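Here the structure comes first, spelled out in structure tokens, and everything after it is commentary.
The values are calculated or read from the model by the stated rules, or taken from the named source; none is laboratory data. Predicted, not measured: the structure shown is a model, and the values here were computed from it. Positions of Cβ are generated from backbone atoms using ideal geometry, with glycine treated the same way; all protein chains shown enter the neighbour counts. Surface areas here come from the heavy atoms of the whole protein model, side chains and all, with no ligands, DNA or RNA. Shrake-Rupley method; radii C 1.70, N 1.55, O 1.52, S 1.80 Å.
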Amino acid sequence: MNAFVNVLRSAYVKQLRMRSGLYYTVGFYCIILVCWGAIWWAAIGASGGTIHGYSYERIYWYIAGTEAAVVCVSSRRIEAIGDDIAAGMIEVEMLRPASVVTIRIARQTGESFACLTFVAIAALVMGVLYTHEVPDPVTVAFAIPALMLAVACNAIALYVFASLAFWIRDARAAWFLFQKCIFLPGGMLLPVQLMPHALRSVVWFLPFWTMAYAPGRLVAGFHEPILLVGQCVWLVVLFGLARMVFAFGERRVQAGVV
Amino acid sequence: MRVILAVWAASFREVFAKRRAFYIDVSIMIINDLTWIVLWTFLFNNTGSIRGWNIDRIYVLFSVIAVSFGISFGLFRNTRRISEIVNDGSLDAALTLPVDTLTYLLVRRVSAPVVGDIVFGLGLFFIAVRPSPVEALIFFAVSILGAIVMGSFLVLLGSLTLHFGGKGEQSDLGFEAINIFSFYPIDMFGGPTKVMLFTVLPGAFVTAVPAELIEHFTVSSLGLLLFATVFFAITARVTFTTGLKKYRSGSRWTTA
């Protein structure tokens, strides 16, 4: 646990110091909010003012929340992790007296939290500019842990997905699928309430809603603490899954199959 | 010209060398693109048409996006990588060759996943839109023109690295911006954003104007698209060529 916390903290501090890349992420994030702000303005206008309980202001904060959580963890990392597995980097890291996947997750999460620090500030500025509303203290109290849990769940899920590379070498573009799972069943661009009933039923059994819908919903001002509980549960499940799948993969590496 | 075509053919052979990986990547990209259609379907189910846009018009828009994108970044993968090539020294090897440097760089790499966009775009257009022969002809022509605008814009941004240095962040941000704004119906955006999309960030010429030409062909719109294509192509070429005159070797010998 000490190693996990230390690696997370040092990755956070290091990323804050080397922050030029974070400015690009914030710029990209602002462009997305401008774009989706315009689309939802048109959509809400076409629907007479609200859609499934979302006014323009609420849907804007929703998108600000979902995008903030997702933009801090690049799904493209899956490709890089796959390349590391193929290149034998995992074998080298297995020589250390610590779990490979735990240390990597700690590093990824620390870097993503640093990004989230900047993006959250941009979210607040853009949200206030576009909605002329400031979030109330209860919303902020729910939103901050929700965003952090979403980022952590996403960072861990990357490793669950990327560990496919221990078995399949030919799926370099697989990260697109992961990203689209967050887009659609994850509720990144469209709240779960707007999905067809059949998909809505399935969404809760997948982990992707923890990475986008949960923080979006709480940032939008819906005070639903059960979402935080769900995120915590999935965090534990995903972490256990990542460790298990990586352990299987590492055995393949040791056996010389990979 | 023969040499350039031979290099391009070799790039294709490189990608096809791993057949299984190629087919998997193309399939994944098709699923990726389908997600956007599903998303818009869900949105329209909740809102009805938005500012005159419905799912049928989205099919046309996405067909154009997919094919233009696939041509720009699938068939000419290095369009996006000019900054990276300049920074990591790969340009040096290309400068020694007896062919036009920019053309060589553009044909040197093909991207398998993005080729899947072309497959998806063509499939969506012919299956969902069911065009007439004239509409199909216009579709091919405007998609190619849109691809030239997009590719030229990114070559222009990447070539700025030759003039001003840096790591190419302007190229990455420009790509993301034009990618994002091109993806959505232009009528969703307000006045200032629309002006931007017809000028400094030419997303309108990548998707909106081509889609408009397929639905309602006018000579003036075609003229505007042709002008934008020629303008950005020439500007990109001039920026790259003048930037090469300032280039000093990074002394790292790799292949582009």
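Within the stretch B:79-102, residues that are free of Cβ contacts under 8 Å to residues at least 60 places away in the same chain sit with their Cβ atoms under 9 Å from residues that are part of a helix (DSSP H, G or I) and of a type in the set (Phe, Trp, Tyr), at 6+ positions apart or across chains, in these pairs: B:LEU97/B:TYR104.
Taking the criterion of being crowded, with 18+ Cβ neighbours inside 10 Å and either under 25 Å from A:LYS180 (Cβ atoms) or in contact with a His (Cβ under 7 Å, 6 or more places away or on another chain) (or both), the residues of the stretch A:233-257 that qualify are A:TRP234, A:LEU235, A:LEU238, A:PHE239, A:ALA242, A:VAL245, A:PHE246, A:GLY249. Determine whether A:TRP167 is within 14 Å of another protein chain (Cβ to nearest Cβ), aromatic (Phe, Trp, Tyr) and farther than 23 Å from A:CYS35 by Cα. In short, yes.
Of the residues making up the stretch A:152-174, those that are buried (at least 24 other Cβ atoms within 10 Å of the Cβ) and within 15 Å of A:ASP84 (Cα to Cα) are A:LEU158, A:TYR159, A:ALA162, A:SER163. In the stretch B:23-48, which residue that is farther than 17 Å from B:TYR184 by Cα and open to solvent by less than 20 Å² (accessible area, probe 1.4 Å) is farthest from the other protein chains (Cβ to nearest Cβ)? Among those that are farther than 17 Å from B:TYR184 by Cα and open to solvent by less than 20 Å² (accessible area, probe 1.4 Å), it is B:VAL26.
Run A:GLY230 past the list (1) under 26 Å from A:HIS52 (Cα atoms); (2) open to solvent by 30 Å² or more (accessible area, probe 1.4 Å); (3) modelled with pLDDT of 95 or more; (4) of a type outside the set (A, V, I, L, M) and report the number of the one that doesn't hold. That leaves (2) as the condition not met. Being open to solvent by less than 10 Å² (accessible area, probe 1.4 Å), over 25 Å from A:GLY27 (Cα atoms) and under 17 Å from the mean Cα position of the chain (by Cα) is the requirement here; does A:ILE81 meet it? Yes.
Return the only residue of A:GLY65, A:GLY49 being more than 11 Å from chain B (Cβ to nearest Cβ), open to solvent by less than 40 Å² (accessible area, probe 1.4 Å) and not in a helix (DSSP H, G or I).
A:GLY49
When you check B:GLY165 against the structure, is it in contact with a Leu (Cβ under 9 Å, 6 or more places away or on another chain), at pLDDT below 90 and among the small types (Gly, Ala, Ser), yes or no? Against the criterion (in contact with a Leu (Cβ under 9 Å, 6 or more places away or on another chain), at pLDDT below 90 and among the small types (Gly, Ala, Ser)), B:GLY165 does not qualify. Contact annotation: residue pairs with Cβ atoms under 7 Å, 6 or more positions apart or on different chains, pairing a residue in the stretch A:194-209 that is within 14 Å of chain B (Cβ to nearest Cβ) and touching a residue at least 12 places away in the same chain (Cβ under 8 Å) with a partner that is open to solvent by 50 Å² or more (accessible area, probe 1.4 Å) and of a type outside the set (Val, Ile, Thr), are A:LEU194/A:HIS52.
Taking the criterion of being of a type in the set (A, V, I, L, M, F, W, C), outside any helix (DSSP H, G or I) and buried (at least 23 other Cβ atoms within 10 Å of the Cβ), the only residue of the stretch A:175-188 that qualifies is A:MET188. Restricting to the stretch A:140-182, count the residues that are in contact with a Pro (Cβ under 7 Å, 6 or more places away or on another chain) and closer than 13 Å to A:LEU238 by Cα. Residues in the stretch A:140-182 being in contact with a Pro (Cβ under 7 Å, 6 or more places away or on another chain) and closer than 13 Å to A:LEU238 by Cα: 3 in total.
Let's see how each residue does on (1) within 28 Å of B:PHE164 (Cα to Cα); (2) at pLDDT below 90; (3) in a helix (DSSP H, G or I):
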position: B:LEU39; (1), (2), (3): no, no, yes
position: B:ILE85; (1), (2), (3): yes, yes, yes
position: B:LEU91; (1), (2), (3): yes, yes, yes
position: B:PRO98; (1), (2), (3): yes, yes, no
position: B:VAL115; (1), (2), (3): no, yes, yes
position: B:ILE118; (1), (2), (3): no, no, yes
position: B:PHE126; (1), (2), (3): no, no, yes
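Test A:VAL92 against the criterion of being more than 19 Å from the chain's Cα centre (by Cα), in a helix (DSSP H, G or I) and modelled with pLDDT under 95, and give yes or no. So A:VAL92 passes the test.
The helices (runs of 4 or more DSSP H) located wholly in the stretch B:187-251 that include 1 or more residues which are surrounded by fewer than 16 Cβ atoms within 10 Å (Cβ to Cβ) and aromatic (Phe, Trp, Tyr) occupy B:219-246. Answer with yes or no whether B:PHE164 is away from chain A (no Cβ under 14 Å), more than 20 Å from the chain's Cα centre (by Cα) and open to solvent by 30 Å² or more (accessible area, probe 1.4 Å). For B:PHE164, the condition - away from chain A (no Cβ under 14 Å), more than 20 Å from the chain's Cα centre (by Cα) and open to solvent by 30 Å² or more (accessible area, probe 1.4 Å) - is met.
Taking the criterion of being open to solvent by less than 30 Å² (accessible area, probe 1.4 Å) and within 14 Å of another protein chain (Cβ to nearest Cβ), the residues of the stretch B:66-84 that qualify are B:ALA66, B:GLY70, B:PHE73, B:GLY74, B:SER83.
Only one residue in B:ARG57, B:ARG51 is more than 9 Å from chain A (Cβ to nearest Cβ) and open to solvent by 50 Å² or more (accessible area, probe 1.4 Å). Which one? Matching residue, one of B:ARG57, B:ARG51: B:ARG57.
Of the listed requirements (1) part of a helix (DSSP H, G or I); (2) within 12 Å of chain B (Cβ to nearest Cβ); (3) surrounded by fewer than 16 Cβ atoms within 10 Å (Cβ to Cβ), A:LYS14 misses just one: (2).
Every condition in (1) buried (at least 18 other Cβ atoms within 10 Å of the Cβ); (2) farther than 30 Å from B:ILE55 by Cα holds for B:ASP88 except the one numbered (1).
From the list B:THR199, B:THR235, B:THR241, B:THR218, which one is under 18 Å from B:GLY146 (Cβ atoms) and over 18 Å from the mean Cα position of the chain (by Cα)?
It is B:THR218.
For A:PHE176, only one of the following conditions fails: (1) away from chain B (no Cβ under 14 Å); (2) within 25 Å of A:VAL34 (Cα to Cα); (3) of a type outside the set (Ser, Thr, Tyr). What is its number? For A:PHE176, the failing item is (1).
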